[in-house]
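Shown next, in structure tokens, is the structure this report addresses.
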Amino acid sequence: MTDLRVPALTLRSELWIGGRNVPSSDGGLFPVYDPADGTLLAEVADATPDDGRRALDAAAAAQPGWAATSSRTRAEILRRAWELIQERRNEVAAVITAEMGKPLSESLGEVTYGGEFLRWFAEEAVRINGRYTTSPSGAGQILVTKEPVGPTLAITPWNFPLAMGTRKIAPALAAGCTMIVKPAPETPLTMLLLAEIFTEAGLPAGVLSVLPTSDAAALTGPLLDDPRLAKITFTGSTGTGKLLLRAAADNVLRSSMELGGNAPLIVFDDADISAAVDGALAAKMRNGGQACVAANRIYVDNKVREQFTAELTDRMRDLTVGCGSAEGTDVGPLINERQRGVVAELVDDAVAKGARLLLGGRSVDGPGFFYEPTVLADIPADARLVTEEVFGPVAAIIGFDDEDEAVAAANATRYGLAAYVFTEGLDRAMRVSRAIQAGMVGVNRGIMSDVAAPFGGYKESGLGRESGSEGIEEYLETKYIALR
Ligand code: ADP
């Protein structure tokens with residue numbers, strides 16, 4: 001068995017402000033734990049509101065120079081950072097696994113996916129276009145240009161410690177914005193390593209700061225109130241997103257929000273069932289189910305429900321649960337005891353209300369925050385699992401009789417991030433994709449995130465889009481210059 005745990009020495013534990021590692025202003029530290037065994041990985045500098053002000057001073061000071069830097073230069077720095085991430089991919093992946101817990105193979109996948117944003121937006125940086133047109137009356141000429149919005153605050157979650165950062169940092173830097181990143185307290189180490197990589201890539205001091213903290217609200221509140229901040233971009237829960245939107249309202253801050261999901265996955269009777277099982281397994285179990293696009297509700301046509309359920313249960317039974325750095329692990333731990341508690345509560349609630357437990361359904365004894373891969377069938381309509389995001393390795397299967405019923409059930413949620421449809425019928429695939437109220441629909445595939453595609457949600461799943469050619473627009477203002 002290969003143990004690829006990161007040596008303690010490679011973990012950075014200070015704040016990154018103005019191009020330097022610095023302690024927090026009051027010397028405070030907070031602990032970061034390995035979710036696979038609960039041991040202490042590092043004590044990280046705990047950013048204070050004063051540190052936030054210092055980072056914003058640096059971001060505001062660097063903003064005009066960065067905006068004036070040629071797009072080719074900005075692109076080359078991003079491209080170099082992408083190359084450096086690839087060169088150091090084992091090290092970055094090991095840090096992701098150490099602090100977040102996912103299997104090393106998935107961390108390497110995240111390095112590829114997360115790194116790709118740097119390359120993609122390097123390519124987009126030099127293609128920020130305006131337009132020229134004339135007024136229909138012939139009386140005026142219209143020049144439309146784009147400008148960077150200015151200093152931005154990014155707040156990121158723990159489930160993809162690298163990719164949720166790079167999906168924001170890359171378009172911001174490409175557009176000419178400076179950025180302060182506040183990573184999740186569970187996973188600050190990957191972002192601190194990324195800051196070092198950016199510096200090696202030639203990013204000027206102050207353009208990017210990384211501020212881990214144990215008190216997110218205390219740090220970010222004053223930043224949101226500061227008129228020098230131009231934008232907030234957030235990925236996390238819908239509840240926190242609403243708090244931040246309220247706080248952003250006072251200064252009418254530009255806001256991009258990637259919030260929670262409650263993704264339906266629909267398997268029709270004309271689907272290739274083994275492909276649907278593969279897709280469901282991927283959509284459910286990537287990241288141990290800890291993804292906002294994870295399949296939360298699996299709707300299966302009653303004509304094929306038994307076959308699908310049996311095959312999915314067999315595949316879930318075969319998954320190896322273990323430490324992410326151990327060879328052969330398919331499913332790592334959940335991020336912490338609190339999240340494991342929420343998963344257990346949702347499963348227990350469904351079972352108490354009459355769901356059939358076909359596999360798992362319990363926490364794994366011993367150190368670490370492991371939960372068994374779980375399959376639940378016949379989920380009653382009043383189970384919390386139907387309306388709440390489970391964020392764990394729990395497949396919840398619900399039968400349906402016809403297409404209209406499936407679409408209505410899929411849409412009966414306040415969320416609208418991702419959805420998955422399995423059918424061999426092209427007409428049905430298109431009809432259902434159009435009818436689903438979600439920002440992203442996967443047809444016969446369980447993984448659909450792509451650097452070139454817009455990622456984002458309808459309804460309470462968010463505002464705006466990340467990645468794709470849309471992603472950079474979130475960091476640009478549009479200016480109309482009227483000419484005679
Ligand atoms: P989770 O419950 O999965 O941790 P959150 O939405 O609470 O999801 O966390 C996502 C990110 O938002 C993290 O970086 C977290 O520290 C941050 N966060 C949580 N609460 C607040 C808040 N009140 N103000 C600013 N950031 C917050």
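Step through the residues of region 381-394 one at a time and calculate ³J(HN,Hα) from phi using the Karplus curve (6.51 cos²θ - 1.76 cosθ + 1.60, θ = phi - 60°), rounding each to whole Hz and writing x for Gly and Pro.
Calculated HN-Hα couplings, in order: 4, 8, 5, 4, 4, 6, 10, 10, 6, 8, 6, x, x, 10 Hz.
Provide the solvent-accessible area of SER71, counting protein heavy atoms only and rolling a 1.4 Å probe, rounded to the nearest 10 Å².
Approximately 40 Å² for this residue.
Quick check: from the Cα gyration tensor, does region 111-266 come out rounded (a/c under 1.5), prolate or oblate? Could you put the intermediate results ahead of the total?
Values: a/c = 1.65, a/b = 1.42, b/c = 1.16.
Cα axes put region 111-266 in the prolate bin.
Carbon and sulfur together cover what percent of the accessible area of region 413-482 at a 1.4 Å probe radius?
Percent of accessible area from carbon and sulfur atoms in region 413-482: 51.
Give me the percent of accessible area attributable to carbon and sulfur for region 26-181, probe 1.4 angstrom. List each step's numbers first, then the result.
Values: 2840 of 5470 Å².
The C+S portion of the solvent-accessible surface of region 26-181 is 52 percent.
Whole Å is fine, so just give me how far the alpha carbon centre of region 348-420 lies from that of region 257-291.
Measuring centre to centre over Cα atoms gives 12 Å.
Measuring with a 1.4 Å probe in the full set of protein chains, what accessible area per residue, in whole Å², belongs to the chain?
Computed with neighbouring chains in place, this is 39 Å² per residue.
Which angle from 0 to 90°, rounded to the nearest 10, does the C-alpha axis of helix 49-68 make with the longest principal axis of the chain?
Helix 49-68 sits at roughly 70 degrees to that axis.
If one takes the longest principal axis of the Cα atoms in the chain, at what angle in degrees, from 0 to 90 and to the nearest 10, does the Cα axis of helix 89-100 lie?
Once rounded, one gets 60 degrees.
Heads up, I need the accessible area for TYR132: 1.4 angstrom probe, whole protein in place, Å², nearest 10.
Estimated to the nearest 10 Å², TYR132 gives 130 Å².
For the pairs LYS242/LYS353; LYS284/LYS459; LYS102/LYS303; LYS146/LYS459, note any where the Cα-Cα span goes beyond 25 Å. Walk me through the intermediate numbers first.
On the way: LYS242/LYS353 30 Å; LYS284/LYS459 22 Å; LYS102/LYS303 35 Å; LYS146/LYS459 28 Å.
Beyond 25 Å: LYS242/LYS353; LYS102/LYS303; LYS146/LYS459.
Return the ratio Rg/(2.2 N^0.38 Å) for region 273-314, where Rg is computed over Cα atoms only.
For region 273-314, the normalised Cα radius of gyration comes out at 1.14.
How do the peptides 477-484, 308-315, 296-303 rank, highest first, by the average count of neighbouring beta carbon atoms within 10 Å per residue?
Descending packing order for the listed peptides: 296-303, 308-315, 477-484.
Starting from one equal scatterer on each C-alpha and no solvent at all, send me the Debye-based log10 I(q)/I(0) for region 5-111 at q = 0.15 Å⁻¹, two decimals.
-0.87
By the scheme Lys and Arg +1, Asp and Glu -1, what is the net charge of all other residues having a beta-carbon under 13 Å from that of SER274?
On the way: positive: ARG315; negative: ASP272, ASP278, GLU311, ASP314, GLU424.
Result for the neighbourhood of SER274: -4.
Which value in nm describes the separation of the simple spin-label points at ALA381 and ALA249, placed 7 Å from the Cα toward the beta carbon?
Going by the 7 Å Cα→Cβ label model, 3.4 nm.
What accessible area, in Å² to the nearest ten, does a 1.4 Å probe give for THR240?
Accessible surface of THR240 is approximately 60 Å².
Residues in region 457-484, backbone N under 13 Å from the label point at THR134 (7 Å along the Cα-to-beta-carbon vector): list them, ranges by number please.
484
Which residue, GLN141, THR329, LEU194, has the largest displacement toward the positive end of the dipole of the chain when charges sit on each Cβ (Lys, Arg +1; Asp, Glu -1)?
Working it through, the farthest residue towards the positive pole turns out to be GLN141.
Please list, in chain and number order, the residues 5+ apart from LEU334 or on another chain whose amide H is under 5 Å from its amide H, with Hs placed from the backbone.
Hits under the 5 Å cutoff: PHE369, PHE370, TYR371.
What is the list of residues in region 296-322 whose amide nitrogen lies under 17 Å from a point 7 angstrom out from the Cα of ARG428, following Cα to Cβ?
Answer for region 296-322: 298-309.
Ratio of Rg to Rh for the chain, alpha carbon only, Kirkwood? Mind dumping the intermediate values first?
Numbers: Rg = 22.9 Å, Rh = 23.2 Å.
That ratio is 0.99, to two decimals.
Tell me what the chain gives for mean residue ellipticity at 222 nm when only DSSP H runs of n ≥ 4 count, each as -39,500 (n - 2.57), the sum divided by the residue total, rounded to 500 deg cm²/dmol.
-12000 deg cm²/dmol
Once you charge only the Cβ atoms, +1 for Lys and Arg and -1 for Asp and Glu, what is the size of the charge dipole of the chain about its Cα centre, to the nearest 20 debye? Before the final figure, lay out each step's value.
Values: 46 positive and 64 negative charges, 357 e Å.
The calculated dipole for the chain is roughly 1720 debye.
How much net charge surrounds PHE400 when only the other residues with a Cβ under 9 Å from the Cβ of PHE400 are counted, with Lys and Arg +1 and Asp and Glu -1?
Summing Lys/Arg as +1 and Asp/Glu as -1 gives -4.
Along the charge dipole of the chain, which of GLY456, LEU358, ILE273 sits closest to the positive end, that is, farthest toward it, with unit charges on the beta carbon of Lys, Arg, Asp and Glu (+1, +1, -1, -1)?
GLY456
Please sort 107-115, 156-164 by packing, taking for each peptide the average over its residues of neighbouring beta carbons within 10 angstrom, highest first. Numbers along the way, then the final one.
On the way: 107-115: 22.6, 156-164: 26.0.
Top to bottom by mean Cβ count within 10 Å: 156-164, 107-115.
Whenever you get a sec, compute what percent of the accessible area on region 236-368 sits on carbon and sulfur atoms (1.4 Å probe). Don't skip to the answer; put the middle values down first.
On the way: 2640 of 5310 Å².
Solvent-exposed carbon and sulfur of region 236-368 make up 50 percent of the total.
For region 378-472, rounded, prolate or oblate, judged on the Cα gyration tensor with a ≥ b ≥ c (square roots of eigenvalues), a/c < 1.5 rounded, else prolate if a/b > b/c?
It is oblate, given that a/c is not under 1.5 and a/b is not larger than b/c.
Give me, ordered by chain and number, the residues 5 or more places off LYS231 or on other chains with an amide H under 5 Å from its own placed amide H.
Residues meeting the amide H criterion: LEU153.
First check a/c for region 251-383, with a ≥ b ≥ c the square roots of the eigenvalues of its C-alpha gyration tensor; if it is under 1.5, answer rounded, and if not, answer prolate when a/b is larger than b/c or oblate otherwise.
Values: a/c = 1.43, a/b = 1.13, b/c = 1.26.
Cα axes put region 251-383 in the rounded bin.
Measure nothing fancy, just the Cα-based angle from helix 163-175's long axis to the longest principal axis of the chain, in degrees from 0 to 90, nearest 10.
30
The values are calculated or read from the model by the stated rules, or taken from the named source; none is laboratory data. Treat the numbers as computed from the prediction; the structure is a model and nothing was measured. We place every Cβ from the backbone using ideal geometry, glycine too, and count neighbours over all the protein chains shown. Accessible surface areas use protein heavy atoms only, side chains included; no ligands, DNA or RNA. Shrake-Rupley method; radii C 1.70, N 1.55, O 1.52, S 1.80 Å.
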